[in-house]
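First the structure, in the form of C-alpha cells, and then the observations on it.
Since every read-out is calculated from the coordinates, none of them should be taken as a lab result. Please read these numbers as outputs of a predicted model, since none were measured by experiment. Note: ideal-geometry Cβ built from the backbone for every residue, glycine included; neighbour counts use all protein chains shown.
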Amino acid sequence: MSAPSSTIATLHSVAELRAQVRRWRAAGERVALVPTMGALHVGHVALMEAARKQAERIIVSIFVNPTQFAPTEDLSRYPRTLAADLEKASGAGVDAAFVPDVAEMYPDGFATTISLTGPALGLETDFRPTHFAGVATVVAKLLLQAAPDVALFGEKDYQQLQVVTRMARDLDIPVAILGVPTVREADGLALSSRNVYLSPEDRAAAPALHRALAKAAADIRDGRDVDASVEEARQSVVAAGFALDYLEARHAATLAPLAARSEGPIRLLIAARIGTTRLIDNLAV
Ligand code: PAF
C-alpha cells in the first residue's frame, strides 16, 4: 500500500477518534459520519456532499467488515484502495478518516452480535442469512465510537438503510440516520464498488436491472396490477442474462410484504447475478 499524499487526518484507533470528536464538540461543531468499506466512488462522494450540508465536520470510516461476509463471499477479493480513497475523501472536504484494523473493531474474545427482525427479514437475508447481523453490529459500534449527530447511508442498499434506521431507533442511539439517493451511470446502472468485477459483456447487460424496475414502477403508478408488473420485470431481467435471486415489491418503510396496494408507498427491490457478480438495486414506485 503506497503512502497517501492527501492531508486528511487518518485515525486508526477508537481512542484517537473519540479525542478528535471531543475537540470538535468542544468547539460547538456538529459531526457527520459516512460509514464505508472503501473503494470509494462517486456514490460515496454524494454521501460526503450530503454530509457537508448536515454538519461542520465529516468523518468517513473505511473498514472492510469481515462479519458481514459469509465464508463463501468476496471478502478477500473486495477492492482495497486506501490511498485513492483518502484522496477522494480529502477532495470531498472530509475532515478525518477512521481506518481501524480488524483487531481494533473485533478484539480478542469479541462475543456480541445484534439480532434483527423487522426490515431485515427476507430479501437479502434469504440469500445472505448472516449479512445484516454483521452490518448492524459494525454500524452500531461505529455510531457509538464516533457519536455523530448524523450518519449517512446510500439508498442503493435500501434494505440496509431500513435495518440501520430501525436498529438506531430501537437501541436509542442518539443519531439521525439519513438516506441519500442512488447515483447512477448514464445508462441507469447504480454505482457500486462491485461494478469493477463486471466483464465488458456483463457491464453491457447490467442496465437491464434498472430498466426493469423503472418499467414496473411506471406500470404500477399507472394502475397496473403489482404482481403482474413484478412478474414481467422478473422475466425481462432473466431474458437479459441474469440469474435472479429476488425481485419483489415491498412496503417502502417497513419492507413488509404487500398485502394490499392501498398500504402506502411501495419499493421495488432486486438482487441478481451475472457472471461472477451479484448486483442489487431498488426503486420507489
Ligand atoms: O454499505 C456499506 O459499505 C457497509 O455495509 C457499511 C454500512 C459500511 C457497514 O460495513
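Annotations
- Extending 7 Å from Cα along the Cβ direction at Thr112 and again at Glu201 yields two label points whose distance is 4.9 nm.
- Charge dipole (Cα centre; +1 on Lys/Arg Cβ, -1 on Asp/Glu Cβ; no other charges) of the range 24-93 amounts to roughly 200 debye.
- Karplus-derived 3J(HN,Hα), 6.51/-1.76/1.60, for each residue of the range 215-227, Hz, glycine and proline x: 5, 4, 4, 5, 4, 5, 4, 7, x, 6, 4, 5, 4
- Sparsely packed trypsin sites (Lys or Arg not before Pro) within the range 102-171, loop by DSSP, other Cβ within 10 Å at most 16: none
- Pair Arg184, Asp222: separation of 7 Å Cα→Cβ label points (nm): 1.7
- Secondary structure note: in the chain, about 50% of the DSSP beta bridges are antiparallel.
- Under 5 Å, built H, 5+ apart or other chain: amide partners of Gly154: Val180
- Contour excess over end-to-end distance, with Cα ends at Lys215 and Thr130 and 0.36 nm allotted per residue: 27.4 nm
- Close lysine pairs were tallied over the chain: pairs 8 or more places apart or on different chains with Cα atoms under 23 Å apart number 5.
- Over the chain, relative contact order from alpha-carbon pairs under 8 Å, at least 6 apart, %: 17
- Residues Leu144 and Arg194, FRET efficiency given R0 of 30 Å [Cβ-Cβ distance, rounded to 0.05]: 0.60
- In a DSSP loop and with at most 10 other Cβ atoms within 10 Å, the trypsin sites (Lys or Arg not before Pro) in the range 54-137 are Arg77.
- Principal axis box of the chain, alpha-carbon based, largest edge first, Å: 56, 41, 39
- Of the GluC sites (Glu not before Pro) found in the range 141-248, those that fall in a DSSP loop while having at most 16 other beta-carbon atoms within 10 Å are Glu185.
- Between Ala26 and Glu104, the C-beta separation translates, for a Förster distance of 25 Å, into a calculated FRET efficiency of about 0.55.
- Scalar couplings 3J(HN,Hα) for the range 37-52, obtained by applying the Karplus form with A = 6.51, B = -1.76, C = 1.60 to θ = phi - 60°, are 10, x, 6, 5, 9, 4, x, 5, 4, 4, 5, 5, 5, 5, 4, 4 Hz; x denotes Gly and Pro.
- Inverse mean reciprocal Cα-Cα distance (Kirkwood Rh) of the range 1-143, Å: 16.3
- Positive-end extreme of charge dipole, the range 1-100 - chosen from Leu11, Phe69, Val21 (charges on Cβ): Val21
- Cα centre as origin, Lys/Arg/Asp/Glu Cβ charges: the chain dipole, Debye: 500
- Farthest positive-ward along the chain dipole, Cα basis, beta-carbon charges - from Ala92, Gly38, Ala217: Ala92
- Relative contact order computed over the range 1-113 (Cα-Cα under 8 Å; 6+ residues apart), in percent: 39
- Stretch gain in nm, segment Asp74-Glu16, where the contour uses 0.36 nm per residue and the Cα spacing is subtracted: 17.9 nm
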